[in-house]
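Trainee: Just passing along the structure, written as structure tokens.
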Amino acid sequence: MAYIVGLAGKGGTGKTTVAALLVSLLLEDKRGPVLAVDADPNYNLGLTLGVEVKRTIADVREQVMQEKLSIPQDMSKERIVEYEIQKVLEERKGFALLTMGRPEGPGCYCYINHILRKYLDILTADYKFAIIDNEAGMEHLSRRTTNNVDHLIITALPETASVIAAERISGIARSLPITVRRISVILNRVQQTVPDHILKRLEKSSLPVLAQVPYDDKLEKLLSEEKSLLEIAAQTEVFEILRRVKDKVFALSEETTPP
């Protein structure tokens with residue numbers, strides 16, 4: 001079973017960038033294969049990884065709901081759905097990307113969600129690591145469409161409103177019907193130093209700070225040019241900081257992932 005790292009945070013805190021850089025770290029260390037899952041309805045992980053997303057899980061789900069999939073007589077609906085989901089998987093050297101897509105529409109999705117849970121359980125078993133980029137509400141985790149999470153990393157800005165959002169996300173994570181083994185925070189876009197009251201508030205909330213990442217003009221410029229982070233990661237200060245804390249990010253992997 002894969003060692004699962006989940007990323008969560010409000011929009012604009014850099015969680016998708018961190019997710020892509022973690023994939024890059026694992027590829028650099030040749031610790032793959034890696035499954036990257038974009039579980040944010042406003043999906044951008046493919047863009048940061050240099051992967052064009054042609055189809056999402058949501059597209060398959062809607063086709064099933066609208067009965068637009070052609071199902072041969074000798075094949076069950078569940079089997080054809082799994083086949084279609086496999087086609088959504090974008091495979092590259094060392095990693096694969098699975099994009100969940102937009103939220104559910106009206107109607108009952110119990111059946112398709114059951115298939116998704118089952119398929120994702122099977123899929124993650126084929127990878128050593130899974131990096132999941134979640135939305136702030138962690139909808140896919142709360143619906144149990146993924147396995148337990150070994151390390152949840154919440155990205156936040158060094159300001160009170162962002163830390164309050166991180167506390168709420170942590171509260172959601174702790175209330176989910178899954179096991180989240182570790183929760184920590186990355187403070188992103190730090191200007192000079194982090195105010196003491198921010199650090200004290202995080203400590204009081206039992207949210208250890210994994211890293212303090214300064215604002216990186218070079219990274220922002222490269223991202224604005226739609227550069228793949230897999231190509232430019234080593235040029236960024238953020239990547240070097242994450243490289244220094246990677247043992248903490250994947251600290252439990254030796255216990256859960258076979259060599």
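Trainee: Over the chain, what is the relative contact order in whole percent, taking alpha-carbon pairs under 8 Å and six or more residues apart?
Mentor: Values: 436 pairs, mean separation 75.1, N = 259.
It comes to 29 percent, rounded to a whole number.
Trainee: To the nearest 20 debye, what is the magnitude of the charge dipole of the chain about its Cα centre, counting +1 on the Cβ of each Lys and Arg and -1 on the Cβ of each Asp and Glu?
Mentor: The dipole magnitude comes to about 480 debye.
Trainee: Could you tell me the distance between the Cα centroids of region 15-94 and region 149-183, to the nearest Å?
Mentor: Rounded to whole Å, the Cα centres lie 24 Å apart.
Trainee: Over 30 Å between Cα atoms: which of Lys87/Lys128; Lys15/Lys118; Lys10/Lys77; Lys128/Lys200; Lys93/Lys218; Lys204/Lys246 fall into that group?
Mentor: Going by Cα-Cα distance, Lys10/Lys77; Lys128/Lys200 fall outside the 30 Å limit.
Trainee: Indicate, rounded to the nearest 5 percent, the antiparallel portion of the DSSP beta bridges found entirely in the chain. Please list the in-between numbers first.
Mentor: Values: 3 of 33 bridges.
Looking only at bridges with both residues in the chain, the antiparallel portion is about 10 percent.
Trainee: Span-like helices, the chain: DSSP H, alpha-carbon axial extent 20 Å or more, mean Kyte-Doolittle 0.0 or greater, which ones? Intermediate results must be reported in sequence, preceding the final value.
Mentor: Numbers: long enough: 110-124 (21 Å, 0.37); 160-175 (23 Å, 0.56).
For the chain, where a helix must reach 20 Å along its axis and average at least 0.0, the hits are 110-124, 160-175.
Trainee: Please give the peptides 39-49, 54-64 ranked by average Cβ packing (other Cβ atoms within 10 Å per residue), highest first, as a rough proxy for protection. If you can, show how the numbers build up before the last one.
Mentor: On the way: 39-49: 20.3, 54-64: 18.5.
The packing order, highest mean first, is 39-49, 54-64.
Trainee: What is the Rg over Rh value, at two decimals, for region 1-74, using alpha-carbon atoms and the Kirkwood definition of Rh?
Mentor: Rg divided by Rh gives 1.08.
No value in this document is a laboratory result; all are computed from the given coordinates. Remember, predicted model here, so these are calculated numbers, not experimental data. Quick reminder, even Gly has a Cβ in these numbers, built from the backbone with ideal geometry, and neighbours come from all protein chains shown.
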